[in-house]
Amino acid sequence: MGRRAWAVVLLGLACRTAAPAPERADLARVSSLELQFPEPGKGELSFALAVPGTQVKASATLVRWELWLKGRPFASGITRLPEGAAQGQPPLVAVHETLLYGPLGYDAQPHRLQVRVLGEVTALFASGDVTVAFDTETRLDVLAAPVLESPDG
């Protein structure tokens, strides 16, 4: 293809209109963060998100989340919540997920874990979508935990 043909192709690509990005608001506030590992290979994650700037009930909510333990990615997922999932003023979105993980050791002793939960929540309203990022890091006491590192460090 000659230079002129490439220029037309590039110009055509540049002129395409992209779908508008969802509106971005302030960070959502994470609360009620809980993490449990009741048995080897299984965990339970739950947290609530306060979505700022929204004062009406959402028709549906999508939460993309990542869980980091001790500074390393551990699990991620997408949670789709049903109509009316965002309740209150500002609306709170509750996320409850079962975590299934592979061949890690399991220590049934109490631990204090460095935990980070981050991602974004999209609330769908009649007036349009609102996408809000969230990111929180804390230390949580758990009764048992997967072994995340080898004994030598």
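So here's what we get for this one:
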{"read-out": "Counted charge near Arg72, where neighbours are those whose Cβ lies closer than 10 Å (Asp, Glu -1; Lys, Arg +1)", "value": "+1"}
{"read-out": "Calculated from backbone phi, Karplus (6.51, -1.76, 1.60) coupling profile of the range 111-124 in Hz, x at Gly/Pro", "value": "9, 10, 9, 6, 10, 10, 10, 9, x, 8, 10, 10, 9, 9"}
{"read-out": "Amide proton proximity set for Leu67, modelled H, under 5 Å, gap of 5+", "value": "Phe74, Ala75, Ser76"}
{"read-out": "³J(HN,Hα) computed for each position of the range 136-145 - Karplus, 6.51 cos²θ - 1.76 cosθ + 1.60, integer Hz, glycine/proline x", "value": "9, 9, 7, 10, 10, 8, 10, 7, 7, 7"}
{"read-out": "Net lengthening on full extension, Glu137/Leu27 (0.36 nm per residue, minus Cα-Cα)", "value": "38.2 nm"}
{"read-out": "³J(HN,Hα), Karplus 6.51/-1.76/1.60, whole Hz, each residue of the range 40-52, x for Gly, Pro", "value": "x, x, 9, x, 10, 10, 9, 7, 10, 10, 8, 8, x"}
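Taken together, the values in this text are just the output of simple stated rules run on the coordinates, not laboratory data. Just so you know, these numbers come straight off a predicted model, no measurement behind them. No Cβ is skipped: glycine too gets one built from the backbone with ideal geometry, and neighbour counts run over all protein chains shown.
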